[in-house]
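Take a look at the structure below.
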Amino acid sequence: MYRILSGIFTLLIPVVMLATTGVAWAAPEADHADDETTLNVKLGYDRTVGKYGQSAKSTTSTNSVAITYDTDAASFDVLFPYLSQSGPGRLIAIAGRRPIVVLGPDQKGSGLGDITAGMTRYALNEEDHGVDLDFGATIKFHSASAAKGLGSGKTDLALQSNLAHSFGLFSTALTVGYSIVGKPSNQHYRNAFYSSLDGSFKISKAVSVGLTYSGGASIIQGLPGSRDVTAYINFKPTRKIKFDIYYLTGRSTQSPDNGAGITVAYDF
């Protein structure tokens, strides 16, 4: 937990400096109501610990930079992660889902993770149709080193849809997707479905809290699927800056026992 908090505070320092020098700390305004396009940069730190069905714990830390270009009709994003992993097992990133750790020897490694790029098409909006509906695709490139145990060495593709609706201050969202995973010659990987159900409550214009249940079938035959619950708080002190802080607990041997992280996003 100390390392998690240390990473969070390290990430907060440059963002707070940016906020205090370039943006007035005032009540949030409408989110680009008159803008057709938005460029968003998000910095993230995430740390998870779990046994994954083994005798010893495996620890993974991720520092990431995500860039999103958003329009009225669609959004485009790219994610650059840097990973540090120690303990038994091998880290496998899956397009559209949280990484898993599979059986392997005790090791320690760090380096560039698998870069992902995605596109989301907005099909319906709640203002005109009563619900938000979108469809998306994500490609996970094999940029992580398989030799260091940081990836599968293969490219993945995920296809998903998201349906959301608001009930006053309470909002819900259901996501369903399918990961088409790259299959190394010496591994029996398989494609798999995944889904998540999210509920959030808006406490004020600046703060909301929520809970997400995520689950997915295993990409490895004979192993259970992943299941985890994430509690989070969103804080938007200005129109341009947003903080997300979250805590995760696993409900399966293919999910980490626990984890926590923070993302800080800035709209240009």
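Taking the options T253, T249, T230, name whichever one is in contact with a Pro (Cβ under 9 Å, 6 or more places away or on another chain), more than 30 Å from D128 (Cα to Cα) and either free of Cβ contacts under 8 Å to residues at least 24 places away in the same chain or surrounded by fewer than 18 Cβ atoms within 10 Å (Cβ to Cβ) (or both).
T249
Pick from the range 163-172 the residues that are in a strand (DSSP E or B) and without any contact (Cβ under 8 Å) to a residue 40 or more places away in the chain: which of them is farthest from V78 (Cα to Cα)?
Only one residue fits best here, namely F167.
Hey, could you check the range 152-183 for residues that are farther than 17 Å from T212 by Cα and in contact with a Leu (Cβ under 7 Å, 6 or more places away or on another chain) and say which is surrounded by the most Cβ atoms within 10 Å (Cβ to Cβ)?
Y178
Among the residues of the range 92-108, count how many are in contact with a Leu (Cβ under 6 Å, 6 or more places away or on another chain) and either open to solvent by 10 Å² or more (accessible area, probe 1.4 Å) or of a type outside the set (A, V, I, L, M, F, W, C) (or both).
Result for the range 92-108: 1.
Can you tell which of L211, L157, L150 is touching a residue at least 40 places away in the same chain (Cβ under 8 Å) and either more than 26 Å from T71 (Cα to Cα) or among the hydroxyl-bearing types (S, T, Y) (or both)?
On inspection, the qualifying residue turns out to be L150.
Scan the range 54-109 for residues that are assigned to a strand (DSSP E or B), within 22 Å of S255 (Cα to Cα) and among the aliphatic types (A, V, I, L, M) and jot them down.
Across the range 54-109, the qualifying residues are L79, L83, L91, I92, I100, V101, V102, L103.
Taking into account only those residues within the range 144-162 that are among the hydroxyl-bearing types (S, T, Y) and under 18 Å from L79 (Cβ atoms), which is modelled with the lowest pLDDT?
S152
Tell me, please, whether a residue that is under 23 Å from S61 (Cβ atoms), open to solvent by 80 Å² or more (accessible area, probe 1.4 Å) and either in a loop (DSSP other than H, G, I, E, B) or at pLDDT 95 or above (or both) can be found in the range 121-143.
Yes.
Assigned to a strand (DSSP E or B), in contact (Cβ under 8 Å) with a residue 40 or more places away in the chain and farther than 23 Å from Y52 by Cβ: is that true of V264 in this structure?
yes
The values are calculated or read from the model by the stated rules, or taken from the named source; none is laboratory data. All of these numbers come straight from a predicted model, not from anything done at the bench. Note that each Cβ is placed from the backbone with ideal geometry, even for glycine, and that neighbours are counted across all protein chains shown. Surface accessibility is based on the protein's heavy atoms, side chains included, excluding ligands, DNA and RNA. Shrake-Rupley method; radii C 1.70, N 1.55, O 1.52, S 1.80 Å.
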